[in-house]
Amino acid sequence: MAQSVKTLAASLADHPVLGPVDWLLRGIGQVVFQNNALSGLIILLALFFNSWIYGVTCLFGVAIATAMAVFLKADRELVRNGLFGFNGALAALALVAFTSADFRTGAVPSGLMMVYIAFAAAMTTVVFQAIATLLGPHKVAALTAPFVLTGWLFLFAVLKFEGLEAGPLIKPISPDQFDAAAAYVLPTWYMGIGNAIGQIFFQDNWISGYLIIIGIAVNSRVSAAMALLGAAGAALVAALFGGPEGAIRDGLFGYNAALTAIALGGFFLVLTWRSFLYTLFGIVVTTWLWASVAIFLKPIGMPVLTSAFVLVTWLMLLGQYGFRALVPVPPAEATTPEDNRQRHLKAMAKRPG
Amino acid sequence: MAQSVKTLAASLADHPVLGPVDWLLRGIGQVVFQNNALSGLIILLALFFNSWIYGVTCLFGVAIATAMAVFLKADRELVRNGLFGFNGALAALALVAFTSADFRTGAVPSGLMMVYIAFAAAMTTVVFQAIATLLGPHKVAALTAPFVLTGWLFLFAVLKFEGLEAGPLIKPISPDQFDAAAAYVLPTWYMGIGNAIGQIFFQDNWISGYLIIIGIAVNSRVSAAMALLGAAGAALVAALFGGPEGAIRDGLFGYNAALTAIALGGFFLVLTWRSFLYTLFGIVVTTWLWASVAIFLKPIGMPVLTSAFVLVTWLMLLGQYGFRALVPVPPAEATTPEDNRQRHLKAMAKRPG
Amino acid sequence: MAQSVKTLAASLADHPVLGPVDWLLRGIGQVVFQNNALSGLIILLALFFNSWIYGVTCLFGVAIATAMAVFLKADRELVRNGLFGFNGALAALALVAFTSADFRTGAVPSGLMMVYIAFAAAMTTVVFQAIATLLGPHKVAALTAPFVLTGWLFLFAVLKFEGLEAGPLIKPISPDQFDAAAAYVLPTWYMGIGNAIGQIFFQDNWISGYLIIIGIAVNSRVSAAMALLGAAGAALVAALFGGPEGAIRDGLFGYNAALTAIALGGFFLVLTWRSFLYTLFGIVVTTWLWASVAIFLKPIGMPVLTSAFVLVTWLMLLGQYGFRALVPVPPAEATTPEDNRQRHLKAMAKRPG
């Protein structure tokens, strides 16, 4: 039965119409490391649940980025796994989010802005391949760096052109704007965790966040648990060090940490107790460094995006082969934490004793 | 006859006096990717046409950088092709341009400033080799990155020393200083295109710009056409998105795009219709990202230099071997778009059918 | 006798208690490239001479960073040579120095701040391995880059958390705050040179600086001389170009240049007359670029740390194999300038003909 599902999935991916749909849905899932069309579909619905504008924007971004990859004849396997699409989705979402009068629901972009967004999404494909080339020898993935780099570059430039509406929100969503005196209450936590997951996709909606968790869980329960752990850990660290209540409730400290947790917690490193501690370390550091990047970008008023996640995860994975306490999973072989661990245990068992 | 010209050129390059002159002129040509002494000579005359100070500064920079390479016993072939010189020429021009009371003509620097400029030009040689080492495995050229990096570092520091006159122009030449309401007229276009080419060498003189185009054309008409296409495309994109008329007329949006167009348009990628579309994509993105870098540098008041060109061209070339729609030309084999294409077609013809 | 000392040293390094002590002292020595426990001990005493708080902080940082390396099962040889420790020591010192009310003596950090410092020190271990992985193929060392990167990231973030006291000194220690009119007098020089060496370890105490020089000299007199040459050269260049007297006397222009001088002056390049001139060039450029980085960081109010040293030394070493005038010493083989040169001369003598 599992076999026939796989065969069905494979023949779907080759279908002239359903094939590309499969690539796009996987692309949406890949934002949170889930190479699974159903995960992508649930996440897309979570976006539509918050705002149809964001839902359409997400589809637009992933489609343009994937089309650019097809035009440039990129590696077919990567295209089919959605790896050229997810940064495009995020770039499109970011440009709509930060140029709309209302961040929460977004606004329909002008014609010129749509052209601009399309170029940004296409550029993520070029940047993805460039970063993959640079990091390839070290077996470290590009993560969302193509989105962060392209997002920043295209967001900065918006301010220079009369033809593009910058909106009121081009500024780091930073703790400064929140009341420092507010007390931590129950909603700080359950809304903070949900919002953190939502913020990965620019969704300021905690219910969408939990829907996204379900999307992750259909492919990997460990990854879903890690996402929750990252978001919760970040909220806890931020509270412990006196971060403002409003920022914690909005999930600002947590969306980078949640991604770090998924990446290190079983996906790029086999889950062991040492790598679990290493993941906890990464969650704490990512929480602080989100604040750090926010300070760095303050003079030019730019958002952090997922740069703290990219920076910490890169630094913690680049040296992976130098630390014998870790068991790296090369990006090309990474599937789910469950599967990665099983393959590792099997390989260990086969070793002569 | 072509053969005897080549022999003559080769024996010239070995001449104890004329040899180095040949290296320096090629160095000037290399700023716009023309490994041709005549191109370099015409460009030098275009600079003298605008201001003898810039002409002498250019020679000073290229000579110091090349001398540093000889002192350090760098690769002889690279020295002879002017590859150690062009970043030195640009660094010297930048330091004079941004510390002079009048950017247009420049001013004769003080003795201390001359020492400072000499060190900056020599440093570009060190940085060129460093970047070449890093990018070598990916077959991507250093471009003008050594100039951009050294230029920024030496320009920032000027502000800290009483002994160096910073001049009024240490600030990004940014669209903000122009009247947003001015209408686009005919001179916007023909002056804007000429100025964009001139700005590559810090020449705020549109006639010098067209003289430089002639310098490029004696070596490669395709490259000359690409330079014009890049400058014109940038002006068009800027106008479409509401960039200020004065900035377009001054060529500010276009000098990075012109370089991107030469680099991608046949020089580092064999010219095909797909790589042509890729070049157009690069021109548009470079135009926007010039604005983006200007915003990023605004808090510290630094000029963009050619960083947008370097950034976009690197990103678009680093992944070149991952895109089967592109035919890369390794830097060591790149000559002219015409020649690159012919060699490729010949190699294709030889392939068994 | 030399042999038996070596044997003794080796057995010490294996001792369950004295072994780790040996690693930590070597770690302190490695800040100034001295893989020697006695050097480390003298430097530690120089810190205690200025302030017991800094002495303890230094030990805390080097211990945590080394413990992290042991937990992650990093290369045992590198751990024993103190290479995982020295960036941790610097990160801890920086965090105490820049968050204390009095930079000169430091203050005992709060409990939360201690946790924060411990994470920062542990993070330098991760970053060290990451950078070593990236630079390994080019045979260039990570230098103090892990400290600079981690230091910046953790210092920026301090400003975001109520629970961490930022102190009055989070700002670049920049020449601006000094009286530009003060004349250069004798103490400008002898205090300036001593302070420059002290500032490497955040010690605003010129006597501590000269004690550190003694610590270096017990392992290598050439390195000690280079450190003095770097500090003196920087003071001279700064004075020549009109740097403020107070900044020169405080050693601010010199601490990066002193490190560049040790690194290039015989340690990573065999000492010849050409590499000596190359080192002088590096000293001058580092002095200017310290000012440059200070300007770049001014909008966010961050200190330069040793970034100018890292930047210049990396740029000057990355291309080392492209310059036949230089004789590189791979990091794994670099011991002392004296020893590096002797090995090179021996290898030359063995060559036929």
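Every number here is computed from the coordinates shown, using simple stated rules; none is lab data. None of the values given here were measured: they were computed from a predicted structure. Backbone-built Cβ (ideal geometry, glycine too); neighbour counts: all protein chains shown.
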Exercise for the section: Considering the convex hull of the alpha carbon atoms of the protein assembly as shown, report its projected area averaged over all viewing directions, in nm², one decimal. Expected result: 45.7 nm²
Handout entry: Calculated Rg and Dmax of the stretch A:172-353 using C-alpha coordinates, Å
Key = 17.0, 61
Exercise for the section: Provide A:GLU77, B:GLU333 in ascending order of the number of other Cβ atoms located within 10 Å of each residue's Cβ, fewest first. Expected result: A:GLU77, B:GLU333
Exercise for the section: Take the Cβ-Cβ distance between A:ALA183 and C:LEU45 as r, set R0 to 35 Å, and report the resulting FRET efficiency rounded to the nearest 0.05. Expected result: 0.10
Problem - Relative contact order for chain B, counting Cα pairs under 8 Å that sit 6 or more residues apart, in percent - result: 16 percent
Practice task
List, in the order given, every pair from A:LYS139/B:LYS350; B:LYS139/C:LYS346; A:LYS298/C:LYS139; B:LYS73/C:LYS139; B:LYS139/C:LYS139; B:LYS139/C:LYS298 whose Cα-Cα distance in the structure shown is over 27 Å.
Solution key: A:LYS139/B:LYS350; B:LYS139/C:LYS346; A:LYS298/C:LYS139; B:LYS139/C:LYS298
Problem - Neighbouring partner chain Cβ atoms per residue of A:71-80, average, 10 Å criterion - result: 3
Problem - chain A - Rg (one decimal) and Dmax (whole number), Cα, Å - result: 19.4, 70
Handout entry: Fraction of alpha-carbon pairs over 28 Å apart in the stretch C:7-146 - percent
Key = 15 percent
Practice task
With the convex hull built on the Cα atoms of the stretch C:266-334, state its orientation-averaged projected area in nm².
Solution key: 5.0 nm²
Handout entry: Closest-to-axis residue of chain B (Cβ criterion, axis taking B to A), whole Å
Key = B:PRO299, 2
Fill in the blank from the handout: Neighbours of B:PRO187 by Cβ distance under 12 Å: Lys/Arg at +1, Asp/Glu at -1, summed charge -1
Handout entry: Label geometry 7 Å along the beta-carbon vector: A:THR272 inter-copy distances in nm
Key = 4.6, 4.6
Fill in the blank from the handout: By Cβ neighbour count within 10 Å, fewest first, B:ILE207, A:ILE193, C:ILE131 rank B:ILE207, C:ILE131, A:ILE193
Completion exercise
Mean other chain Cβ within 10 Å across C:322-328 is 5
Exercise for the section: Can you figure out the FRET efficiency of B:VAL17 with B:MET114, using R₀ = 30 Å and their beta-carbon distance, to the nearest 0.05? Expected result: 0.80
Problem - Long-range amide H partners of B:LEU269 with built H, under 5 Å - result: B:VAL329
Fill in the blank from the handout: Computed, not fitted: 222 nm per-residue ellipticity of chain C from DSSP H runs ≥ 4 (each -39500 (n - 2.57)), nearest 500, equal to -21000 deg cm²/dmol
Fill in the blank from the handout: One decimal, nm, nearest first: from A:THR335 to the same residue in each other copy, label points 7 Å out along Cα→Cβ, the values are 5.2, 5.2
Completion exercise
Residues other than C:ARG80 with Cβ under 12 Å of its Cβ, Lys/Arg counted +1 and Asp/Glu -1, net out at -2
Completion exercise
Whole-Å distance linking the alpha carbon centroid of the stretch A:65-86 with that of the stretch B:78-145 is 39 Å
Completion exercise
One decimal, nm, nearest first: from A:HIS15 to the same residue in each other copy, label points 7 Å out along Cα→Cβ, the values are 7.4, 7.4
Problem - Per-residue average of Cβ from other chains inside 10 Å of A:307-319 - result: 4
Exercise for the section: Name the most mobile residue of C:ALA46, C:ALA182, C:ALA37, meaning the one with the largest mean-square fluctuation, in a Gaussian network model of chain C with Cα contacts below 10 Å. Expected result: C:ALA182
Problem - Ascending count of other beta-carbon atoms within 10 Å, so fewest first, for B:THR336, A:THR57, B:THR124 - result: B:THR336, A:THR57, B:THR124
